[in-house]
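Working notes, beginning with the structure itself.
The numbers here are math on the coordinates, done by the rules we state, and not lab data. None of these values were measured; they are calculated from a predicted model. Every residue, glycine as well, gets a Cβ built from its backbone with ideal geometry; the counts of neighbours run over all protein chains shown.
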Amino acid sequence: MTAIVPPDQRPDIQEMVVIHRAFRREFTAVPAYIRATPRGDLARSAVVAQHLRLCMAGLEMHHTGEDIVLWPLLLERAAPSTGLVETMQEQHHGVDAHIAAVEPALVAWEGRAQVEDGERLAALVEAFSAALFEHLDLEEREILPLAYRHVTDAEWRQMGQHGTETMKTRELPIMFGLVLEDADAEERTRMLATLPVPVRVVLRTVGAWQFRRYVRRLRGR
């Protein structure tokens, strides 16, 4: 039976658009960071490698939350769209395969900071990003409207809780800073309102300082 969520229990699906925006921005920027790294500059390659790993870890947490929470609910409640959900699951596997190819290339480049290794890594990140962005586009276009009708806000929140609980404490301010960086005032307010008060306090104080320091190291500003 098709389930339709009452209007007062529907999720804020714009949250996922904000998260996707951050992934698009950061994974697009990484190849340029790699190519701009001077040959043999191990300090700089370490900074860029750390950032790429952080973003890939954030993506893994994001996709794991969908695998655990979102796909099973939609398969159960949105029967005519099961083929679409299965496509999304297959795309997750495809993105995972790209990440598996990126990881050894990242190790090689980080350890030597050679231009040839960097070009190979940058090309792999671009191929990974193309597959990821195709997936994000389809998700926003087709999955989010389904989630809005078939998933409650409480169930939707379970995806975010999974990420917050899984993320390392030192990574939390950086990941939230990246996600909220291009959010407008309303998006920022709504996303912060879903977090526990202690987390909000940290993000607005020492977390904000940590994020600014991180961005200066990464982007030089």
Over the chain: helical MRE at 222 nm, DSSP H runs n ≥ 4 each giving -39500 (n - 2.57), nearest 500: -25500 deg cm²/dmol
Whether the range 100-206 is rounded, prolate or oblate, judged on the alpha carbon gyration tensor where a/c under 1.5 counts as rounded: oblate
Cα-based shape type of the range 1-83, given that a ≥ b ≥ c are square roots of the gyration tensor eigenvalues and the cut on a/c is 1.5: prolate
Surrounding net charge for His93, when Lys and Arg each add one and Asp and Glu each subtract one, Cβ distance under 12 Å: -4
Tensor-based shape of the range 170-221 (alpha-carbon gyration tensor, a/c under 1.5 rounded, otherwise prolate or oblate): oblate
Taking the range 11-163 and dividing mean pair separation by its residue count, relative contact order in percent (alpha carbons under 8 Å, at least six apart): 44
Spin-label model distance (nm) - Thr87 vs Arg112, 7 Å beyond Cα toward Cβ: 4.2
Fraction in percent of alpha-carbon pairs per bin - 10 Å, the chain: 8, 31, 33, 21, 6, 1, 0
